[in-house]
1. Select from segment 217-259 the residues that are hydroxyl-bearing (Ser, Thr, Tyr) and assigned to a strand (DSSP E or B) and list them in ascending order.
2. Tell me yes or no: at least one residue of segment 66-73 is free of Cβ contacts under 8 Å to residues at least 40 places away in the same chain, out of contact with any Leu (no Cβ under 6 Å at 6 or more places or on another chain) and farther than 30 Å from Ala30 by Cβ.
3. Among the residues of segment 170-202, count how many are surrounded by fewer than 15 Cβ atoms within 10 Å (Cβ to Cβ), over 14 Å from Leu147 (Cα atoms) and not hydrophobic (A, V, I, L, M, F, W, C).
4. Suppose we keep only residues that are of a type in the set (Asp, Glu) and farther than 23 Å from Glu138 by Cα within segment 1-44. Which one would you say is modelled with the highest pLDDT?
5. Taking into account only those residues within segment 144-169 that are among the polar types (S, T, N, Q) and over 9 Å from Asp116 (Cβ atoms), which is surrounded by the most Cβ atoms within 10 Å (Cβ to Cβ)?
6. If a residue has to be of a type in the set (Lys, Arg) and modelled with pLDDT of 95 or more to count, how many in segment 45-94 make the cut?
7. Can you name every residue in segment 193-226 that is hydrophobic (A, V, I, L, M, F, W, C) and either farther than 27 Å from Ser13 by Cα or modelled with pLDDT under 95 (or both)?
8. Under 8 Å between Cβ atoms, which residue pairs at least 6 apart in sequence (or on different chains) link something in segment 76-91 that is of a type in the set (Asp, Glu) with a partner that is not in a helix (DSSP H, G or I)?
Amino acid sequence: MTEKTRYEPGQFSWIDLSAADMATAAPWYADLFGWEFQPGEAPWNYGMFLKGGKSVCGLGQLRDEMKAAGVPPTWNSYVNVDNAQAIAARVDPAGGQVTVPVMEVGSFGKMACFTDPTGANFGIWQPGSHPGAQLVNEDDTLTWNELLTQDVARAKAFYVEVFGWTTDEVPMPNGATYTMFKNKDAMNAGMLPMPEQAGDMPSQWDVYFQVTNLDGLVAKAQASGGAVIMGPMSIPQGTIAKLRDPQGAVFCAIQPAQGSSPA
């Protein structure tokens, strides 16, 4: 268990769940992944999931006006930055939209949220006392972020301009191309075209949790009110599945192949 204390600018550093009902989401995920839940304090009431006392991800409550507007429960991905205002200023010129302007979150840090030109939502995090997830890339923690997009070319140009990422194109067996986003030559995230069968589904950033027993996780999720959207299916890096929690939030899990790491 190696604790992360800092992230490079441009690197994904945090994820959280905007839940319709925190009171039921917290025990569901805690049981599924074996996490502990640390409730937050007013005014945000924002809690954290922990593994062995170390932060893994966050949990917040969808506001009533957001639920009334039809905003669904969602897992959100955040990119670490050293100057939130400067990054936010790049979003509109690059074709995106600022949905939550830069705001201070107490002494923890600063955040902002955006929508990219293809409709995918994401955020940024400028750390104060909270650097991001203390545990990543190990069992029952975040190991990968992946964009499913309706327009690969527009999304690629946007993230390259906003974060200075570079890209590698990797041919896939089905004829599609997997785009690897790199941050300072380090693998940072992936991007795939939205499958045709998804129709006009909005572009989205998916989160992947690493697990040791994917079949067991899937069975446990289904038995407790969750659903399987896709998989389990084998890929070169291991076995993956996409799931939906009882409130409708979508997340992915991967059981890495022996000797392989998804990130």
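1. Of everything in segment 217-259, those that are hydroxyl-bearing (Ser, Thr, Tyr) and assigned to a strand (DSSP E or B) turn out to be Ser234, Thr239.
2. no
3. The number of residues fulfilling the criteria is 10.
4. Per the stated criteria, the residue is Asp21.
5. It comes out as Asn145.
6. Total satisfying the criteria: 3.
7. Met194, Ala198, Met201, Ala219, Ala223
8. The qualifying pairs are Asp82/Pro9; Asp82/Gln126.
The values are calculated or read from the model by the stated rules, or taken from the named source; none is laboratory data. Every value quoted in this text rests on a predicted model; they were computed, and no experiment measured them. For neighbour counting, all protein chains shown are included, and Cβ atoms are generated from backbone atoms with ideal geometry for every residue, glycine included.
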